[in-house]
Amino acid sequence: MMRRSNPTKLSVLGLIGACLLLAGALGPWLDFPLSASLYPKDLLVPWPYLGMVSLRWMLLSIGLLAGIGWLSGVRLLLLMAGLAAGLILLNFVHGWMLHDQWLPRYLVESEQREAVQAFLSQYYWPNLNPEPTVSLESDFAYLSDQLQVFWYSSGWGFGFCLVGMFLLLLEYLVTSPAAGMTTVTLLLLFGVIITVLFYPMINAELKQRHGDELLAAGRIRDAISSYETTLRMDPVLRDSKRFILKASRAYYQLEGEHSIPGGYYQASYRGRWVTGRALRQGAKEDLEDSIKILGNVLESNYQGSSLEMAILRQSVEEYRKIRLQQGLDAYAEGRLPLSLSLFQQVYNADHTQLHAGFFLAHVQRELGLVTDAVATLDDMLRLVEHDSMRADLLCTIGDAYNRGEQSLLARKAYMQCIQADSLYNFRAVFDLSGT
């Protein structure tokens, strides 16, 4: 017969852990700088005999199980709830690192959000309340980079569940007669689970580092083979600029300046001094060289291995990035028709390039293309969820209406901007005062 634990100060941990699990089932598990957050209700998990079950209902069930265990004094239920929560959390982190729409998406949106903020800071009153973002210089070539990005992108719901899991296990341990042995057993259990779940990624990491060593030693063909194996083991690396750059460098060293897969490395090397605000002397020529190299790559209709095609995919992104930079240069020089053409080229090719759409709308407004500017911004509003970015878009809609001397519509847009984000949003207040 299970013994009911005597009420102690530590026994409150079990109750707090159960409450945190219940709260975590309602909060966001992933936060993105531009688009919608991801909640447990959006995640479906396969379950024996029940099919796809919402992660929210699983967490709520585990939280209730922990609550019942604490109220009845049955420590085993707390242990079961803690272990179940731990398995869910580990499986979620595992899925996040393999999901090509989570890890890369966070970095892309972060980069776009920072580009918009830099543009506003240079030319307008900035909104000083943007969502925090992170741009990692190391990209996410290695597991440590991926975990760092996850730390920044995870929401408070995930954090509540993580703390709740630890409190449930701690409650069991401090009331267990054999706490030491139980702790060792739990550590071994989670160690085995982590090894099984993350073995392919750990193996891919080792293979990639071995490729780095081969590349440094001049064994180029072996390095390329190692990178190809790495990409098969961890397909998300196709979105890692750092990994793709290393692979392109290997092809460049092997095949020379006429290498199609090596073109990405050449273009990146040429344009490495490009910044969001200023160009050093001679960098415009470097950009032109990069455009020519990438243009040859994109026009080649090259077909190759999965690694080579991943390099070509990044070449497209680099081409758009350079075109965008050229558009910003033209805008800074007052060459609005040219900047309009360059921004349109990038945004029309890919409407997920939200920073390009934002720049495009500003140029359309300045050229008096009010209807086009509002249409561009309305399209973006459907993709953006975070308040500070929506406020930036709404303020720009107000600016467009002001340019078209439609003061009532402008004032309405500015009011919506303030309603979306009123904290330190000096741009909205400044614009509203002029209507």
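Given H placed 1.01 Å from N in the peptide plane, which residues other than close sequence neighbours of Val45 have an amide H under 5 Å from its amide H?
Counting only residues 5 or more places away or on other chains, the set is Val53, Ser54, Leu55.
Fewest Cβ neighbours within 10 Å first, please rank Phe119, Phe358 accordingly.
With the sparsest Cβ surroundings first, the list reads Phe119, Phe358.
Given the rule -39500 (n - 2.57) for each run of at least 4 DSSP H residues, summed and divided by the residues of the chain, what is its mean residue ellipticity at 222 nm, to the nearest 500 deg cm²/dmol?
-23000 deg cm²/dmol
When every alpha-carbon pair in the chain is counted, what percent end up more than 40 Å apart?
So the portion of pairs separated by more than 40 Å is 34 percent.
Angle between the Cα long axis of helix 370-381 and the longest principal axis of the chain, 0 to 90 degrees, nearest 10?
Between the helix axis and the principal axis of the chain, the angle is about 20 degrees.
Average the reciprocal distances over every distinct pair of alpha-carbons in the stretch 299-412, invert the result, and give the Kirkwood radius in Å.
15.3 Å
Tell me, what is a quarter of the convex hull surface for the C-alpha atoms of the stretch 17-125, in nm² with one decimal?
Numbers: hull surface 35.3 nm².
Convex hull of Cα atoms, orientation-averaged projection: 8.8 nm².
Tell me the angle of helix 103-123 to the major Cα principal axis of the chain, expressed in degrees between 0 and 90 and rounded to the nearest ten.
Taking Cα atoms only, the helix is inclined about 50 degrees.
Which whole-Hz ³J(HN,Hα) couplings does the stretch 59-76 yield from phi under the Karplus relation 6.51 cos²θ - 1.76 cosθ + 1.60, θ = phi - 60°, glycine and proline marked x?
Rounded to whole hertz, the list is 5, 4, 5, 5, x, 5, 4, 5, x, 5, x, 5, 5, 8, x, 8, 5, 4.
Lysine pairs, Cα distance under 24 Å, 8 or more residues apart or cross-chain: how many in the chain?
Eligible lysine pairs with Cα atoms under 24 Å apart amount to 10.
For the stretch 322-338, just list the computed ³J(HN,Hα) in residue order, Karplus coefficients 6.51, -1.76 and 1.60, θ = phi - 60°, integers in Hz, with x standing in for Gly and Pro.
Each residue of the stretch 322-338 in turn: 5, 4, 5, 5, 5, x, 5, 4, 5, 5, 5, 8, x, 8, 5, x, 5 Hz.
For Trp151, Trp102, Trp29, what's the fewest-to-most ordering of other Cβ within 10 Å of each Cβ?
The order, fewest Cβ neighbours first, is Trp151, Trp102, Trp29.
Remind me, relative contact order of the chain in percent, using alpha carbon pairs under 8 angstrom and six or more residues apart?
Computed value for the chain: 15 percent relative contact order.
Throughout, read-outs are computed from the coordinates displayed, never taken from laboratory work. Nothing here was measured: the structure is a model prediction, and the numbers come from that model. Virtual Cβ from ideal backbone geometry, glycine too; neighbours counted across all protein chains shown.
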